[in-house]
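Okay, structure first, notes after.
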Amino acid sequence: PVTTKVTQMVPAAQPPLIDTIEVRDNPGGSVTAFQNLVEEWNKRQYIVRIAGDCWSACTLFTGVQKVCVMADAKLHFHAPFISLDGPGGIRGFHPDRTAKMLAMYPKPIQNWIKANGGLTEDWITLKGRELHRLVPICSNK
């Protein structure tokens with residue numbers, strides 16, 4: 001029988017591989033950009049720890065398979081908007097985009113959003129015990 005031993009050499013200058021990402025006080029941004037991150041982080045099986053205030057598209061990180069929240073986490077939701085005349089200008093809301101965004105959340109988060117008025121231009125906030133019932137609390141590791 002032939003035995004082959006393969007050893008992978010890692011250069012000392014290479015940074016260590018990460019397995020955990022902490023998202024703290026994130027203002028949100030493009031739904032598409034955040035959804036792309038969720039897909040990439042799930043593919044890489046990263047652990048994502050949400051801490052502090054997580055606004056708007058940041059809340060999509062609840063769709064990461066290995067997500068947890070720190071004790072101080074607060075998730076702030078609203079409907080996605082379309083800028084009609086450039087940054088800081090007139091905003092429009094579209095029911096199809098809102099439904100698509102809602103579908104990106106895990107079912108327990110979707111149910112909470114629906115029970116709290118849905119995704120609209122007004123903010124709704126999930127925090128404390130209510131949040132910890134829906135998303136696991138991070139360990140101290």
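Once you sort the root eigenvalues of the Cα gyration tensor of segment 51-131 as a ≥ b ≥ c, which label holds: rounded (a/c under 1.5), prolate (a/b larger than b/c) or oblate (the other case)? Let's see the in-between values first.
Details: a/c = 1.97, a/b = 1.62, b/c = 1.21.
Prolate is the answer for segment 51-131, as a/c is 1.5 or above and a/b outweighs b/c.
The stretch between Ala33 and Arg129 holds 31.6 nm of extra length on full extension. This uses 0.36 nm per residue minus the Cα-Cα distance.
Arranged from highest to lowest average of other beta-carbon atoms within 10 Å per residue, in what order do the peptides 41-52, 20-31 appear? Write down the numbers at each step before the final one.
On the way: 41-52: 16.8, 20-31: 14.4.
Ranked from most to least packed, the peptides come out as 41-52, 20-31.
Close Lys pairs in the chain, defined as Cα atoms under 24 Å apart and 8 or more places apart or on different chains, number 20. Toward the positive end of the charge dipole of segment 45-99, with +1 on the Cβ of Lys and Arg and -1 on the Cβ of Asp and Glu, the farthest Cα among Ala57, Ile47, Gly92 is that of Ile47.
Placing +1 on the Cβ of every Lys and Arg and -1 on the Cβ of every Asp and Glu, with no other charges, gives segment 59-106 a dipole of roughly 100 debye about its Cα centre.
About the Cα centre of the chain, what is the dipole size in debye to 20, counting +1 per Lys and Arg Cβ and -1 per Asp and Glu Cβ, all else neutral?
Values: 16 positive and 12 negative charges, 110 e Å.
In total the dipole reaches around 520 debye.
May I ask what percent, to the nearest 5, of DSSP beta bridges between residues of the chain are antiparallel?
35 percent
A short reminder: the numbers here are calculations on the coordinates, not readings from a lab. Predicted model, so just to flag it, every value in this text is computed and none were measured. Backbone-built Cβ (ideal geometry, glycine too); neighbour counts: all protein chains shown.
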